[in-house]
1. Filter the range 230-246 down to residues that are buried (at least 17 other Cβ atoms within 10 Å of the Cβ), within 30 Å of Arg265 (Cα to Cα) and among the hydrophobic types (A, V, I, L, M, F, W, C), then give me how many there are.
2. Could you grab the pairs with beta carbons closer than 8 Å, sequence gap of 6+ or different chains, first residue in the range 27-47 and closer than 10 Å to Tyr72 by Cα, second one crowded, with 21+ Cβ neighbours inside 10 Å and among the acidic types (Asp, Glu)?
3. Cβ contacts < 6 Å: first residue closer than 19 Å to Ser386 by Cα, restricted to the range 53-64; second residue among the polar types (S, T, N, Q) and at pLDDT below 90, any location; separation 6+ or different chain. Result?
4. Give the range 94-111 a look and list any residue that's without any contact (Cβ under 8 Å) to a residue 40 or more places away in the chain, part of a strand (DSSP E or B) and in contact with a His (Cβ under 8 Å, 6 or more places away or on another chain), or say none.
5. So how many residues does the range 76-93 have that are in a strand (DSSP E or B) and either among the basic types (Lys, Arg) or within 18 Å of Tyr43 (Cα to Cα) (or both)?
6. For the range 112-128, enumerate the residues that are among the hydrophobic types (A, V, I, L, M, F, W, C) and in contact (Cβ under 8 Å) with a residue 60 or more places away in the chain.
7. Picking from Leu286, Leu290, Leu256, Leu280, which residue would you name as being over 18 Å from Phe144 (Cα atoms) and touching a Ser or Thr at 6+ places or on another chain (Cβ under 6 Å)?
Amino acid sequence: DEVARLRESLVVPESDVLKSKFGMGPAASKIYGAKTGISLGGYGEFFFDAKVADKVAGKDYNFGDLFRYIQYVGYKFTDRLLFNAEVEFEHATTGDENYAGKSGEVAVEFAYLEYLFNRQINLRGGLLLMPIGFVNEIHEPPFFHGNLRPQVETVIIPSTWRELGVGLHGELADGLNYKLYLVNGLNAEKFSPSGWRDGRQHGGRAITESVAGVLRLDYAYRDNLQIGASIFYGGADHSLIKNPDSPTEDLSVNTLLIEGHLQLRYKGIEFRSLGAYAHLSNARKLTSALFPDSSDPSKPETSLLASRMYGFYVEAAYDIWPLLCNKPLYLAPYIRFENYDSQAKVPTTLAGRSADTARDVTVFEAGLTFKPHRQVVLKFNYRRNSNQKGSQLADSLYWGAGFVY
């Protein structure tokens, strides 16, 4: 009896198909299927990267990485009140630095309390994944192609992106879902010419002098169609930055990120596309405040913050396993094309400086995704990188594996 009670309190559905709920990853959604008590899940991924072309001596090396191991822990207090969290271990260790001078980290990816009122309205608060794009919320390795996530959803959409906040989510009508959050704003002091990624606050004593709002709408038809969009808008200055034109005044900085996405699945055919656009207000003044040399024409190199960034990608795949065998496995060749520019438009009054064309990047990727089990994936892919400046960027062959439970 004790063993039976323990098994009932732990949600370990080996025989059940993992399925996404409320936009979360399939394994991260296990808590929603629990009756009461603890829910456990997780995922992991590792890969090898072999540079095969345009390798820069002393910079580009072949390497392997235990990229991520994730543990999900949830607890359902009642049928309506629950807690859900993800703890992430990256790059195997937080100790010694590797050949590139980097080490891993341990971080809380999300941790929230949620109360389920009804189909239309549910309340969620804590450290929240921003409901933007495809992979920021659903990034478990069996559910995306390639060993690395799309670059557009790393550079323009800085996944994995989480902030502290509170919000509502639900289903407005059959297939029409929404999320509406109020969160802390990004920290513009950490912005760089490569984008906003370093401005994420991760929930660690996040300054909240400036706040932001996030809205996402999705329409889904069965498992065949998903179409949607999201918008993030809010302050990012937090009264931390002085106006370089009037040093006694604070500089106001606002961020806007808009993305739209489409996914189709039909008889083994898979298609995804996503486009993202970002705007930064007062980019000239912020550049001058953070990088004073940017206004000095005698300086050979300067740093510019873009007022506009954009990116898009398209991806297609086809499951050919049914053509080869009747066993319920999965084998899909895929291709992906991406283009993004983290300096699509820069301030034009800073000593005549122009955008760095090295940041206008094109990525072509092709590979194979094989699932010997629906929760285990083996991946092989080739990634070719180029930019408008013509810089030497290494091309890579990747092979790796991932799992989810």
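1. Matching residues across the range 230-246 total 1.
2. Listed by first residue and then by second, the contacts come to Ala27/Glu140; Ala28/Glu86; Ala28/Glu140; Tyr43/Glu140.
3. Asp54/Gln392; Val56/Gln392
4. Residue satisfying the conditions is Glu105 alone.
5. Going residue by residue through the range 76-93, those that are in a strand (DSSP E or B) are 76, 81-90.
Those still in the list that are either among the basic types (Lys, Arg) or within 18 Å of Tyr43 (Cα to Cα) (or both) too: 76, 84-90.
Qualifying residue count for the region: 8.
6. From the range 112-128, those among the hydrophobic types (A, V, I, L, M, F, W, C) are 113, 116-117, 121, 123, 127-128; that's our starting set.
Leu127, the sole residue that qualifies.
7. Details: Leu286 fails: touching a Ser or Thr at 6+ places or on another chain (Cβ under 6 Å); Leu290 fails: touching a Ser or Thr at 6+ places or on another chain (Cβ under 6 Å); Leu256 fails: touching a Ser or Thr at 6+ places or on another chain (Cβ under 6 Å).
On inspection, the qualifying residue turns out to be Leu280.
So that you can scan it fast, the table gives a plain yes or no per residue for (1) touching a Phe, Trp or Tyr at 6+ places or on another chain (Cβ under 7 Å); (2) within 29 Å of Leu215 (Cα to Cα); (3) in a loop (DSSP other than H, G, I, E, B):
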| position | (1), (2), (3) |
| --- | --- |
| Gly275 | yes, yes, no |
| Asp293 | no, no, no |
| Glu315 | yes, yes, no |
| Pro328 | no, no, yes |
| Leu331 | yes, no, no |
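The values are calculated or read from the model by the stated rules, or taken from the named source; none is laboratory data. Everything quoted here is computed from the prediction, not taken from an experiment. Please note: Cβ atoms are built from the backbone with ideal geometry, for glycine as well, and neighbour counts cover all protein chains shown.
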